[in-house]
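Trainee: Structure provided below as structure tokens; questions to follow.
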Amino acid sequence: MKVIVVGSSHGGYEAVRGMLLENPDAEIQWYERGNFISFLSCGMELYLEGTVKDVNTVAYETVDNAEKDGVHVFVQQEIASIDEKNKSVHVKNLADGSERDESYDKLILAIGATPRRLDVPGKDLENLYAMRGRDWAIKLKQKMVDPDLKHVFVIGSGYIGIEAAEAFAKAGKEVTIVDHNPRLLGNYLDSEFTEKLTQEFKENGVNFVGSVNVAEFVGKDGKVSDVKTDQGTFDAELVVETAGVIPNTSLVDGLLDLDERGRIKTDEHQETSVKDIYAVGDATKVPYAPTGELSSIALASNARRQGRTAAANAAGRELKMTAVSGSSALSVFNYHFASTGVKQDTQEKCGVKGAESVLIEDWAVPPFVSEEAGNAKVYFKITFDPTDGRILGGQIMSTRDVTANINTISFAIQQHATVYDLAYADFFFQPGFDRPWNIMNEAAQAAVRKINK
């Protein structure tokens, strides 16, 4: 069997590794349009801040290692078109200009998404950057040490924007981050958390302005110098655009069924509308555990699950894509936070109405352990269906890293567990690590009291 995998990020990498496990005898061809495979954009901040020194190590895989495992890797080679009737792809070699056709038995597309760029006057000026992929990582790193760069303007306060703002602030630059959302990280956390994080950013020299619409990039000598918005004009010798992504699906437009936003439709096995063609990653949707509906959640963990699912089914073993809750975590200066599932403030966007929540503030470990010894306040919020107690979501934040608790909430959502199940769930106790009642127990007990009131 010959399998062609297109794209080398999270989903493509996992599809290749999955196929090696499922069918070691398969001929696997792996295509990447760029000159570097398997770069992890989610590891970019670690490189920018110097935790990781070599940008080439921010990857799952190398060409040499993949080829040692029998994978035929092709870099700087683009899949220009797909002939589904003859089960072949047309390949353009971007390095030497040559072209050829390759046949396949199974085709797995991990073609991802591209950064959304604002269509406003001045969009062609220099120093308008994205934050996705190895090439942008190298350019951003160079800017961080540019002594002439003083003002950085970040558009978008999701995870990528937050990482960009923090990295440049730590590099000593004056940073402004804006969003059309009135709250920093408004799609990821409820207001009780975002208020604290906005203050944390302010104390570290980052100015956040919400409910902003960018009107124009103003230039000087061909380079951006200012950004005009409906809330004033801001200095900006560098603009980092992190205002979402667009599915990179022009290759399959007219071939595969797409939704209204251009994402590839797949079944629960990751197969598309054309037999033997599978799709994974940011150009697709995933089953959302809290509601049972499909949702667009661009996370590496989701793409890897999809890649493994596609590989199994392409190899002939039936495997359904696992329902996910959109679990994610991040560190912002002194705080660590994580969330999963439905949030109280944005539940209607998830197709949920009437959800209730309980917020608990408590110490991470017994109060006799001092803050100097590692104790810290923890803020935990659980969201649930008041009609049956089913857990729908959770959020946690502290200056102590307690984010792993959210993995438990994610699993609880996936298993349709209730706050009644969680209220007295068995978690270990040791004063250096936790309290006799884990904060998830406390929140669930409070939720039960709220339901039974």
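The values are calculated or read from the model by the stated rules, or taken from the named source; none is laboratory data. The shown structure was predicted, so the numbers you read here are calculated from the model rather than taken from an experiment. Don't worry about glycine lacking a Cβ; one is built from the backbone with ideal geometry, like all the others, and counts go over all protein chains shown. Side chains included, ligands, DNA and RNA excluded: accessible areas come from the protein's heavy atoms. Shrake-Rupley method; radii C 1.70, N 1.55, O 1.52, S 1.80 Å.
Trainee: State, as an integer percentage, the relative contact order of segment 110-212 based on alpha-carbon contacts under 8 Å between residues 6 or more apart. If you can, show how the numbers build up before the last one.
Mentor: Details: 116 pairs, mean separation 22.7, N = 103.
Averaging sequence separation for qualifying contacts and normalising by length gives 22 percent for segment 110-212.
Trainee: Let me check the size of segment 147-225 from its C-alpha atoms; what are the radius of gyration and Dmax in Å?
Mentor: 13.0, 44
Trainee: How much accessible area per residue does segment 379-451 have, counting only protein heavy atoms and a probe of 1.4 Å, in square angstrom?
Mentor: Working: 3240 Å² over 73 residues.
Per residue, segment 379-451 has 44 Å² of solvent-accessible surface.
Trainee: Ignoring ligands and nucleic acids, what accessible area does LYS106 show with a 1.4 Å probe (Å², nearest 10)?
Mentor: 40
Trainee: Let me ask something else. Write down the percent of antiparallel bridges among all DSSP beta bridges whose residues are both part of segment 116-268, to the nearest 5. Don't skip to the answer; put the middle values down first.
Mentor: Details: 11 of 29 bridges.
Within segment 116-268, antiparallel bridges account for around 40 percent of the total.
Trainee: Taking the Cα centre of segment 12-86 as the origin and placing charges on Cβ (Lys, Arg +1; Asp, Glu -1), which of VAL52, TYR31, VAL75 is farthest toward the positive end of the dipole?
Mentor: Value computed over the given set: VAL52.
Trainee: Taking the full set of protein chains and a 1.4 angstrom probe, give the accessible area of ARG117 in square angstrom, rounded to the nearest 10.
Mentor: 100
Trainee: Next question. Specify which residue in the list VAL63, VAL154, VAL209 is farthest towards the positive end of the charge dipole of the chain, using unit charges on the beta carbon of Lys, Arg (+1) and Asp, Glu (-1), about the Cα centre.
Mentor: Positive-most Cα among the choices belongs to VAL209.
Trainee: Let me ask something else about it. Considering only protein heavy atoms and a 1.4 Å probe, what is the carbon-and-sulfur percentage of the accessible area of segment 1-64?
Mentor: On the way: 1240 of 2570 Å².
Solvent-exposed carbon and sulfur of segment 1-64 make up 48 percent of the total.
Trainee: While we're looking at this one, here's another question. Leaving out ligands and nucleic acids, and using a 1.4 Å probe, what accessible area per residue does segment 189-242 come to in Å²?
Mentor: Accessible area per residue, segment 189-242: 46 Å².
Trainee: Let me ask something else. Where the only charges are on Cβ atoms (+1 Lys, Arg; -1 Asp, Glu), what is the dipole of the chain about its Cα centre, to the nearest 20 debye?
Mentor: On the way: 48 positive and 67 negative charges, 99 e Å.
Once rounded to the nearest 20, the dipole reads 480 debye.
Trainee: Have a look at the DSSP beta bridges in the chain and tell me what percent are antiparallel, nearest 5. The partial results should precede the final answer.
Mentor: Values: 56 of 92 bridges.
Around 60 percent antiparallel, to the nearest 5.
Trainee: Something else: Using Cα pairs closer than 8 Å and at least 6 residues apart in sequence, work out the relative contact order for the chain, in percent.
Mentor: Values: 1026 pairs, mean separation 60.7, N = 453.
With pairs under 8 Å counted, the relative contact order is 13 percent.
Trainee: I'm a student and want to see the number: the projected area of the Cα convex hull of the chain, averaged over all directions, in nm².
Mentor: Working: hull surface 96.5 nm².
Result: 24.1 nm².
Trainee: Ok, one more. Just how large is the dipole of segment 1-68 about the Cα centre, in debye to the nearest 20, putting +1 at every Lys and Arg Cβ and -1 at every Asp and Glu Cβ? Write down the numbers at each step before the final one.
Mentor: Working: 5 positive and 11 negative charges, 20 e Å.
Once rounded to the nearest 20, the dipole reads 100 debye.
Trainee: So, one more: Could you work out [θ]222 nm for the chain from helices alone, using -39500 (n - 2.57) per DSSP H run of at least four and dividing by all its residues? Round to the nearest 500 deg cm²/dmol.
Mentor: Values: 10 runs with 104 residues, N = 453.
It comes out at -7000 deg cm²/dmol, rounded to the nearest 500.
Trainee: With all protein chains present, how much of the accessible area of segment 185-226 (probe radius 1.4 Å) comes from carbon and sulfur, to the nearest whole percent?
Mentor: On the way: 780 of 2030 Å².
For segment 185-226, the apolar C and S fraction of the accessible surface comes to 39 percent.
Trainee: Between ALA446 and ASP83, how many nm apart are label points set 7 Å from Cα along the C-beta direction?
Mentor: If labels sit at ALA446 and ASP83, their model points lie 6.4 nm apart.
Trainee: Given segment 303-453, what count of lysine pairs have C-alpha atoms under 22 Å apart, with each pair 8 or more places apart or on different chains?
Mentor: 10
Trainee: Okay, moving on. Over segment 76-140, with every protein chain in place, what whole percent of the accessible area is carbon and sulfur at 1.4 Å, could you tell me?
Mentor: Values: 1360 of 3340 Å².
Accessible surface attributable to carbon and sulfur in segment 76-140 totals 41 percent.
Trainee: How much accessible area per residue does segment 1-78 have, in Å², with a 1.4 Å probe? Working shown, then result.
Mentor: On the way: 3350 Å² over 78 residues.
Per-residue accessible area for segment 1-78 comes out at 43 Å².
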